[in-house]
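Colleague: Pasting in a structure now, in C-alpha cells, and then I'll have a few things to ask.
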C-alpha cells in the first residue's frame, strides 16, 4: 500500500493499481471508501463513535462486517463479525503490520511489512477462495484503528 495522505492505492502482485482507498478527511468520524480500479465503490469503512469499544463498520454492498478492537493481555487483537459467515480473528503485531487474519483457526490472510523496504508499505496476501475486498476492508479498518498507536 502506498500512502498519500488518507488516500492510497493498493497494487496487485504485478504492481498494477487494483484498489483505491479514498479517505474522507472532512467527516466527523473516520471514513474510507474502497474503490476498484474502475472507480466503483466496493466497500465503505466507518468508525463507530458511540460504541464503548473501538469499532468499525464495513458495508460491502449488501452485506456488512463489524471490526471490534479487543485488548488481550498486553496485545491488541480484533474480532470481525461478518453477516452470515463465521467470525474472523485478527492477531499479531498490528501496529507494525505483522499479523494474520484467521477463520476457524485457519489463516485466510497475512499482512506483513517484511516483504518491502519502503516505509509505510506493506503487503496483504489473501488465501485462494477468500473475498479479497473483505480482507482489504478489514486491513483498512485495523490500520485506521491503530494508526496513532506507537507513532
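Any read-out appearing in this document is the output of simple, stated calculations on the displayed coordinates, not a laboratory observation. Everything numeric in this text was worked out from a predicted model, so none of it was measured. Here Cβ is always computed from backbone atoms with ideal geometry, including for glycine, and neighbour counts include all displayed protein chains.
Colleague: Which of 134, 60 has the fewest other C-beta atoms within 10 Å, and how do the rest follow up to the most?
Modeller: The most exposed by this proxy come first: 60, 134.
Colleague: Sticking with this one: Could you calculate the contour length gain from residue 37 to residue 57, that is, 0.36 nm times the residue separation minus the distance between their Cα atoms, to one decimal place in nm?
Modeller: Gain in length upon complete extension: 4.9 nm.
Colleague: Please find the FRET efficiency linking residue 9 to residue 107, where r is the Cβ-Cβ separation and R0 is fixed at 25 Å, and quote it to the nearest 0.05.
Modeller: The computed FRET efficiency comes out at 0.50.
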